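Below is one structure; the comments refer to it alone.
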Amino acid sequence: MAVAVRAVWEHFAHGADIGIRGVGPTKEDAFQQVALALTGVVTDPAAVRPVASVSIACEAPSDELLLVDWLNALVYEMATRRMLFGAYAVRLEDSRLRGTAWGEPVDPARHEPAVEVKGATYTALRVERLEDDHWIAQCVVDV
Amino acid sequence: MDLTLLSRKSDTEWWIEPHGPMRVPGVIYASEALVREMDAKVYEQVQNVATLRGIQKASYAMPDAHWGYGFPIGGVAAFDPERGGVVSAGGVGFDISCGVRLLHTGLTIAQVEPMKKRLADDLSRSVPAGVGSVGRLHLDAVEMDAMLTGGARWAVDRGYGTAADLERIEERGCMADARPDEVSEHAKKRQRDEMGTLGSGNHYLEVQQVTTIFDSAAAAAFRLREGDVVVSIHCGSRGLGHQIGTEFLKRMALAAAEYGIDFADRELACAPISSPVGEAYLGAMRGAINCALANRQIITHLVRRVFAGVAPEATLDLLYDVSHNTCKVESHRIDGRARPLFVHRKGATRALGPGHPDLPPAFASIGQPVLIGGTMGTASYVLAGTAEGEARSFGSSCHGAGRSMSRHAAARLWHGRDVVRQLADRGILVRSPSPRGVAEEAPGAYKEVTAVVDAADRAGLSKKVARLEPLVCVKG
């Protein structure tokens, strides 16, 4: 009997920086979860209120480059809008991604943001369907 | 790292002998203990850098080397444009021209001790730090381009500091050949409101005291005495540099096939120095160096304003400003002939030896001040460049302690408020908007900086001049 794969995110160790990983039953789930892991580098995603949404579109020649583009688009939106995001939706079609991020302006007192993310790297970069039929999306981000 | 993979040349020099596609050897400068502690990935990355086209002499790792992306952090590599040399965005890093500057306060510990709390409070209020913080300066398109071209000189022209400061900054405060037109609108937008901000992570502003002098002649030239109080600023090119790094990593990765570059690791993304992508990166990266120099110059101005209010007798002269994530064209001797090389230093500090023409006159006989950052609870060091450093590492030394523990592990082990309290008990006042950030940056999460500096000294990369210990630390 197949065991349902839960969508989860986590961090993994990488020297001076930090690895982010999303796992889920679909590639879209894995992309959504790894985005939550990105927020988790800065603050607890559950503490971010979804008061505003930002739309993101990217296109890249491979799943892995698309993941880096997605994460870097979020880093850019966080930096220029001075926002944090606590919820994400992703739709993937061939080499294109359409995503929505919901969040609010940074509130240092409430979010206690630990560190800003400079960018997503190609280190430990993986987008793969694993044998037990779930997807993993991960890379190291520079902080 | 497995020592059996290395040839030991001395107590502090270890070689990865060229094998497979390596064009030059890998050379690691560190004590045996530091080499043992180094991640196996450092070996892999030093080896991978040694495979890049046009690399000269060796792929070097400094004593604080650790796993980076593409290049190790603490990596130095020089490329000859006439021998197919490349430039690599990963070889510079995301925080382009991140660096350290040190200011003399002209005050002693006895003078500063009673005003420490007020200094901590006023500095943390005056210098924007942390995620989402903005500076008081907002650049329009014309001023952005002027800043990217002019660096610290641009800042001085607008009243942030004095012309005397420029003499004490690498490149005299202005990196030549910057190309603002190669800096994307995204990068500029990310920077528009971030001038004069410290950032977060391992960046800091510290008030420190000189606790030990190791070399009295060099200390005299650097005007450092035991009991003196100095200010150290550690930050970089903020969002602009991060965005340039992000964009060019991708552009170089995508263009590699076009240039016939097949790298061992996608993170090594690079382009021939004379290619359109290589030239565009160099122009943008030089703009980011100017951004970092301008940023540290503006923060210096903010620090001076605080001291003027708290201790009007303070002088705040600049000792020196170093950058530790750069690629610069420098003249180095290869096979007995001086050649212009593109020297990448990623988490490594330039360390010019005595007599180098680029040194300010005050340091001509001593060598360049090499500023090594520590952590909130430990020490920082001032070293000086050596004559032998040129031959050993293209005139380069270490840049800091390097982490020994992940952020995640540190945040599980410590609570930020406890760290702040424990440091206060030791007389170190920490000001940060983020307790979790403080926990992740807890002194225990870093390697012992003294071991790193001792290894750099013993390896002849730079010599120890003074040890500095923190009194006040403002973190993002």
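The values are calculated or read from the model by the stated rules, or taken from the named source; none is laboratory data. Small disclaimer: the values here were computed from a predicted structure and weren't measured. With ideal geometry, Cβ positions are generated from the backbone for all residues, glycine too; neighbour counts draw on all protein chains shown.
Checking the structure you have, find out if any residue of region B:48-58 is within 14 Å of chain A (Cβ to nearest Cβ) and crowded, with 24+ Cβ neighbours inside 10 Å.
no
Find all pairs meeting these conditions: Cβ atoms under 8 angstrom apart; at least six residues apart or on different chains; first residue within region A:38-66 and away from every other protein chain (no Cβ under 11 Å) and in contact (Cβ under 8 Å) with a residue 12 or more places away in the chain; second residue in a helix (DSSP H, G or I) and surrounded by fewer than 19 Cβ atoms within 10 Å (Cβ to Cβ).
Listed by first residue and then by second, the contacts come to A:Ala47/A:Arg110; A:Val54/A:Glu77; A:Val54/A:Arg81; A:Ile56/A:Glu77.
Within the set of pairs 6 or more residues apart or between chains, which connect a residue that is more than 10 Å from chain A (Cβ to nearest Cβ) and within 14 Å of B:Gly135 (Cβ to Cβ) inside region B:181-208 to a residue that is of a type in the set (D, E, K, R) and in a loop (DSSP other than H, G, I, E, B) with Cβ atoms less than 9 Å apart?
Here the result reads B:Met195/B:Arg136; B:Gly196/B:Arg136, each pair linking region B:181-208 to a residue that is of a type in the set (D, E, K, R) and in a loop (DSSP other than H, G, I, E, B).
Assuming B:Thr375 fulfils every condition listed in (1) in a helix (DSSP H, G or I); (2) modelled with pLDDT under 95; (3) closer than 30 Å to B:Ala362 by Cα apart from one, which condition is it?
(1)
Anything in region B:73-88 that is at pLDDT 95 or above and either surrounded by 24 or more Cβ atoms within 10 Å (Cβ to Cβ) or β-branched (Val, Ile, Thr) (or both)? List them, or say none.
B:Gly74, B:Gly75, B:Val76, B:Ala77, B:Ala78, B:Phe79, B:Val86, B:Val87, B:Ser88 - these are the residues of region B:73-88 that are at pLDDT 95 or above and either surrounded by 24 or more Cβ atoms within 10 Å (Cβ to Cβ) or β-branched (Val, Ile, Thr) (or both).
Out of everything in region B:450-476 that is hydrophobic (A, V, I, L, M, F, W, C) and assigned to a loop (DSSP other than H, G, I, E, B), what residue ends up being surrounded by the most Cβ atoms within 10 Å (Cβ to Cβ)?
Within region B:450-476, the match that is surrounded by the most Cβ atoms within 10 Å (Cβ to Cβ) is B:Leu461.
Can you name every residue in region B:416-440 that is within 14 Å of chain A (Cβ to nearest Cβ) and either assigned to a helix (DSSP H, G or I) or at pLDDT 95 or above (or both)?
The initial filter retains those residues of region B:416-440 that are within 14 Å of chain A (Cβ to nearest Cβ), namely B:416-417, B:419-420, B:431-440.
Passing the criteria: B:Gly416, B:Arg417, B:Val419, B:Val420, B:Arg431, B:Pro435, B:Arg436, B:Gly437, B:Val438, B:Ala439, B:Glu440.
Look at region A:90-133 and say how many of its residues are assigned to a strand (DSSP E or B), buried (at least 16 other Cβ atoms within 10 Å of the Cβ) and within 14 Å of chain B (Cβ to nearest Cβ).
5
Among the residues of region B:21-47, which ones are more than 19 Å from B:Leu268 (Cα to Cα), in a helix (DSSP H, G or I) and more than 14 Å from every other protein chain (Cβ to nearest Cβ)?
Within region B:21-47, B:Glu32, B:Ala33, B:Leu34, B:Val35, B:Arg36 meet the criteria.
Within region B:269-286, does at least one residue satisfy the condition of being farther than 24 Å from B:Pro180 by Cβ, of a type outside the set (Ser, Thr, Tyr) and touching a residue at least 40 places away in the same chain (Cβ under 8 Å)?
For region B:269-286, residues farther than 24 Å from B:Pro180 by Cβ, of a type outside the set (Ser, Thr, Tyr) and touching a residue at least 40 places away in the same chain (Cβ under 8 Å): absent.
Check whether at least one residue in region B:159-179 is part of a helix (DSSP H, G or I), within 14 Å of chain A (Cβ to nearest Cβ) and in contact (Cβ under 8 Å) with a residue 24 or more places away in the chain, and report yes or no.
No, region B:159-179 contains no residue that is part of a helix (DSSP H, G or I), within 14 Å of chain A (Cβ to nearest Cβ) and in contact (Cβ under 8 Å) with a residue 24 or more places away in the chain.
Can you give me the ranges of the strands (runs of 3 or more DSSP E) entirely in region B:256-348 with at least 1 residues that are at pLDDT 95 or above and either on the phi > 0 side of the Ramachandran plot or touching a Pro at 6+ places or on another chain (Cβ under 6 Å) (or both)?
Once the strands (runs of 3 or more DSSP E) in region B:256-348 are filtered for at least 1 residues that are at pLDDT 95 or above and either on the phi > 0 side of the Ramachandran plot or touching a Pro at 6+ places or on another chain (Cβ under 6 Å) (or both), what remains is B:317-323, B:325-334.
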